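Report on the following structure.
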Amino acid sequence: MTGDGVVAVEVDGLPVAVPAGSSLLDAVRAAGVEVPALCHDDRLSPAGSCRTCLVKLGGSVVASCVTPVRDGARAQAATRELRALRREAVEVIVSALPARALTGGAEGSELARVCASLGIGPESALGELSGRGRDDSHPYVRLDRDLCIACGRCVRMCAEVQGTFAIALTGRGGDAVAAPGTGGAWVDSACVACGGCVDTCPTGALSEPGLPYGGRPSGLVTTRTTCGYCGVGCALDVLTRGDELVAALPAGDGPVNRGHACVKGRFAYGFRVSEERLTRPLVRRDGRLEPAGWDEALDVVARGLREAVASGGPDAVAAISSARATNEENYLVQKFMRTVIGTNNVDNCSRLCHAPSAAGLTAAFGLPGGTDCFDDAQRADCLLVVGANPAEAHPVVGARLLQRVLRGARLVVADPRAVGLALHADVHLRPRPGTNVALFHGLAHVLLAEGLADEDFLRRRATGLPELAELLAGYPPHRVSAVTGVPEGDLVAAARLYGRAARPAVFYGLGVTEHLHGTDGVRALANLAILRGAVGGDRGYGVNPLRGQNNVQGASDMGALPDQLPGCQSVTDPVARERAARLWRAEVPARPGLRIPQMFAAARSGALRALWVIGEDVCATDPDARRVAAALEACPLVVCDELFPSETARRADVVLPVASWLEKDGTFVNFDRRFQRVRPALAPPGEARSDFAVVHAVAAALGADLGCPTPAAALDECAALAPLFAGLSHARLDREGAVCWPAPDADRPGEARLYRERFATADGLAHLSACPYLPPGEEPDDDYPLVLVTGRRWAHYNSGSMTRRGGNLRLDAVDRLDLHPVDAAGHGLRDGDPVTVESRHGTARLTVHVGEETAPGQAFCAFHFPGSGVNTLTSDRADTVTSCPEYKVTAVRLRP
């Protein structure tokens, strides 16, 4: 041993050092010797089935991929004899395949490249397995059975990396072939189209339409960027030819995804070339939206903004910035509103999802972000996953969490539905929707009652224990069970798993935040980590929100909030305002602006005269959609930046066509606070412009110069304004790939794990919260007997404006209402029946799906198909602290 867990070996006389636990194949490759390994992928467990990686060790010829390397070992890999043996092994495999298996040579599949390097030509492919057929049923995955060599890589990828277990090897001997595990067509299987099987297949038996037979054609341009769907922040290599997007491949060195992706990031880019894509500005003339030039559109916007300010003052103007836009675009929007218009009336869609996270985490710990990076949390020995279904909403995170569980970590899931990770949980808690606070207090009660709290941590680094302990005395398991419906035994078992773990971690989603008391829910959940001392040290991995949209963290970080300047600085802080005023050469209003719900109310009352909506279809995604539409219709000027003619755009006075995430330059911040680069792989279509260019153009039409001529310059200015981001720049990110904030110094790493020495609160302590359980805003009754919960499904994203314009629609074509068999039978409904859902606020039309994922008395649906009207059902009740809507609890009734 050379020390530090490194093993010293010799390969063909060359000394090589590799990490302890490495295989002989790792050592051989470290020595620079290319050895084929057709059944091997570094991400997977070794199989040793193809016998193409033969190496001599101690006088024996062995399969190097399954042979552990020992200190002092001496191996031979580059001899003529070994090369001949490897060639024979490959020839045996090739002999059963048709000649097209070798198509492309050095640009073809892994097998084709291996054959080219060994001098094996198409004449060796005798086609003995020809005629086994194809399966082209799936929009993204093609199966050519004649090219399958039964190496099992796709099976292991689906099981070990994705965790879907959708693929199996069927048949025996030479007839073995990869196929959907349940039989039937691929499109009807459990496959979630992550693309992992395609990426690992060495022969092209599994391929995607743009890259037949697993090769990569020459002449393609590769652009490294960050996915523009959910908040995981997967790094992608986008392959283009001219103005054609050929493929989007997960980057093997992606900081979060590590060569993995989901159906959206990997394949759902067909929206780019949709015939519905907006390519010219639209201006309303005589009640109709008609094409216009940019000069006319900008003139209408500028004139309308001036009139709004003249009639109602700066606060008569508001902007809804975008969690889909880059950090630099969000920074520019809030700067425009504060310096050109003179108002803090700017908000973003975090108001509808994770505003309670920001408020709750700030109150508990001091900063509005997750406490730990995902890499650290991956070392947890107990995962508490609450109000989240990452298997569908954040598939790469869900897959990595499942990998951890399959390797022995304990799992507690708290969610009303039996989906995703809940199917693998040691304990699945199914609380009644709206009872989270009581559930978390019940868990905390057990931690204190059974001596599972970290008394030393609580004494040194926390405050509020006496008040919390007094409150928790009223939440014994039997009372919590009566409130939540969770059995006492399950509650105690879950608390013990979390309380006895050496390194517990909490992940949560919108099932915690989108409630009348969502901020209380976040604080009560944070109590658990504080009680255990599992934050800010080495005893655990804190509390981590799973962000829904690609840049919902960054939009808020950039100050696109009515009460926050960039870098989590309050607009009421005179020091922060003075710093901004010096940099911007303009005074910053001291009074917080309007939140999104307040903007709509002000529009309906006539106080708001101009509203700029950037990249959000508020008529489809905001609650009580009819009142949102009424607000837009009442507002004299509505401007909309959009990709498609959305419901919001149809009600706008000016629609500005903008670039998608594939066409932008800048940065995003993902769910664990990582800044990552976004780079344009293609130019936007027609006359579409980036939101960055649009904000500059609107400012110029008003006679203002915002500075920041480039996105890089905008991040530099933000770094000068916000101490949290002082060490960030495009140049640094181009060098390092990803940097977590806080990053106050360009010469030091960002802080992946927060609060090691002190918390960011005024007193440096973590704050426990003694917030009592309060009931949700709606309860079922005789008229509305079911509780409806809304959320996401795996194939679509938000309002579906991008995912419904491509192959994903073939994977999930209708908006479904999930019902338990008891409720379906009680309403005379069967699977596939159309159903009308009514609430006290509106009506939606969906298709019934009967199953046991939901509990009796509850129903679930997504909001990916605006035409169904799901968000007309939801109320305008909202979190009492942040105004986040109560999406997770709506009383409904059904009509066949």
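Can you confirm whether the range 580-590 contains a residue that is over 23 Å from Cys718 (Cβ atoms), assigned by TED's automatic domain parsing to the domain that holds Gln334 and β-branched (Val, Ile, Thr)?
Within the range 580-590 (the criterion being over 23 Å from Cys718 (Cβ atoms), assigned by TED's automatic domain parsing to the domain that holds Gln334 and β-branched (Val, Ile, Thr)), the answer is no, since none of the residues qualifies.
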* Mind listing just one residue for me: the one in the range 524-575 that is touching a residue at least 24 places away in the same chain (Cβ under 8 Å) and β-branched (Val, Ile, Thr) and, of those, surrounded by the fewest Cβ atoms within 10 Å (Cβ to Cβ)? => Val571
* So which of Ala844, Ala824 ends up being assigned to a helix (DSSP H, G or I), buried (at least 19 other Cβ atoms within 10 Å of the Cβ) and hydrophobic (A, V, I, L, M, F, W, C)? -> Ala824
* Mind checking which residues of the range 772-821 are of a type in the set (Ser, Thr, Tyr), modelled with pLDDT under 95 and surrounded by 23 or more Cβ atoms within 10 Å (Cβ to Cβ)? -> Tyr797, Ser799, Ser801, Thr803
* **Candidates Glu470, Glu514, Glu450, filtered to the one that is over 30 Å from Arg407 (Cβ atoms), surrounded by fewer than 24 Cβ atoms within 10 Å (Cβ to Cβ), of a type in the set (Asp, Glu) and not assigned by TED's automatic domain parsing to the domain that holds Gly857** => Glu470
* Kindly indicate whether Asp815 is farther than 27 Å from Cys230 by Cβ, free of Cβ contacts under 8 Å to residues at least 60 places away in the same chain and among the charged types (D, E, K, R). => no
* Asked: Is the range 295-303 home to any residue that is small (Gly, Ala, Ser) and either touching a Lys or Arg at 6+ places or on another chain (Cβ under 6 Å) or not in a helix (DSSP H, G or I) (or both)?
  -> no
* To do: Return the only residue of Thr222, Thr226 being surrounded by fewer than 24 Cβ atoms within 10 Å (Cβ to Cβ), among the β-branched types (Val, Ile, Thr) and closer than 19 Å to Gly252 by Cα.
  => Thr222
* **Which listed residue is among the aliphatic types (A, V, I, L, M) and either under 28 Å from Glu642 (Cα atoms) or crowded, with 24+ Cβ neighbours inside 10 Å (or both), from Leu384, Leu367** => Leu384
* To do: Give Ser218, Ser207 a once-over and let me know the one that is outside any loop (DSSP other than H, G, I, E, B) and either among the aliphatic types (A, V, I, L, M) or outside the structural domain of Glu736 (by TED's automatic domain parsing) (or both).
  => Ser207
* For the range 717-740, how many residues are crowded, with 17+ Cβ neighbours inside 10 Å, assigned to a helix (DSSP H, G or I) and without any contact (Cβ under 8 Å) to a residue 40 or more places away in the chain? -> 2
* Structure fact -> Of the listed residues (Thr226, Thr222), the one being among the β-branched types (Val, Ile, Thr) and touching a residue at least 40 places away in the same chain (Cβ under 8 Å) is Thr226
* Output the residues belonging to the range 741-750 that are surrounded by fewer than 22 Cβ atoms within 10 Å (Cβ to Cβ) and closer than 23 Å to Gly252 by Cα. => Pro749
* **Lone qualifier among Cys158, Cys115 - being in a helix (DSSP H, G or I), in the same structural domain as Asn257 (by TED's automatic domain parsing) and closer than 27 Å to Val246 by Cβ** => Cys158
* **Filtered residues of the range 143-154 (kept if at pLDDT below 95, under 17 Å from Ser189 (Cβ atoms) and assigned to a helix (DSSP H, G or I))** => Arg145
* To do: Please enumerate the residues belonging to the range 306-355 that are part of a helix (DSSP H, G or I), touching a Lys or Arg at 6+ places or on another chain (Cβ under 9 Å) and within 30 Å of Ala526 (Cα to Cα).
  => Cys349, Ser350, Arg351, Ala355
* Which of the residues that make up the range 104-123 are modelled with pLDDT under 90 and surrounded by fewer than 19 Cβ atoms within 10 Å (Cβ to Cβ)? -> Gly105, Ala106, Glu107, Gly121, Pro122, Glu123
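Run down Gly518, Gly536, Gly554 and say which single residue is under 25 Å from Pro885 (Cα atoms), more than 19 Å from the chain's Cα centre (by Cα) and not acidic (Asp, Glu).
Step by step, each of Gly518, Gly536, Gly554 is checked, and only Gly518 is under 25 Å from Pro885 (Cα atoms), more than 19 Å from the chain's Cα centre (by Cα) and not acidic (Asp, Glu).
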* To do: Give the residue that is farthest from the chain's Cα centre (by Cα), with candidates limited to residues of the range 238-285 that are assigned to a loop (DSSP other than H, G, I, E, B) and free of Cβ contacts under 8 Å to residues at least 24 places away in the same chain.
  => Gly242
* Asked: Residue check, Ala193 against (1) at negative phi; (2) touching a residue at least 60 places away in the same chain (Cβ under 8 Å), all met but one. Which one?
  -> (1)
* Of the residues that sit in the range 268-305 and are among the basic types (Lys, Arg) and surrounded by 15 or more Cβ atoms within 10 Å (Cβ to Cβ), which one is farthest from Leu245 (Cα to Cα)? -> Arg284
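For (1) under 40 Å from the mean Cα position of the chain (by Cα); (2) under 30 Å from Val6 (Cα atoms); (3) of a type in the set (S, T, N, Q), each residue gets a yes or a no:
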residue	(1), (2), (3)
Lys56	no, yes, no
Gly59	no, yes, no
Val62	no, yes, no
Cys65	yes, yes, no
Asp71	no, yes, no
Arg74	no, yes, no
Thr79	no, yes, yes
Val90	no, no, no
Ser95	no, no, yes
* Among the residues of the range 119-137, is any part of a strand (DSSP E or B), within 43 Å of the chain's Cα centre (by Cα) and of a type in the set (D, E, K, R)? -> yes
* In the range 500-548, how many are among the basic types (Lys, Arg), assigned to a helix (DSSP H, G or I) and closer than 18 Å to Pro368 by Cα? -> 1
* Asked: Restricting to the range 166-199, what's the tally of residues that are surrounded by fewer than 24 Cβ atoms within 10 Å (Cβ to Cβ), within 26 Å of Ala393 (Cα to Cα) and in contact with a Cys (Cβ under 6 Å, 6 or more places away or on another chain)?
  -> 1
* Please go through the range 125-156 and pick out each residue that is of a type in the set (A, V, I, L, M), over 15 Å from Gly204 (Cβ atoms) and buried (at least 19 other Cβ atoms within 10 Å of the Cβ). => Val155
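The values are calculated or read from the model by the stated rules, or taken from the named source; none is laboratory data. Quick caveat, the model's predicted, so the values are computed rather than measured. Every residue, glycine among them, receives a Cβ derived from its backbone with ideal geometry; neighbour counts consider all protein chains shown.
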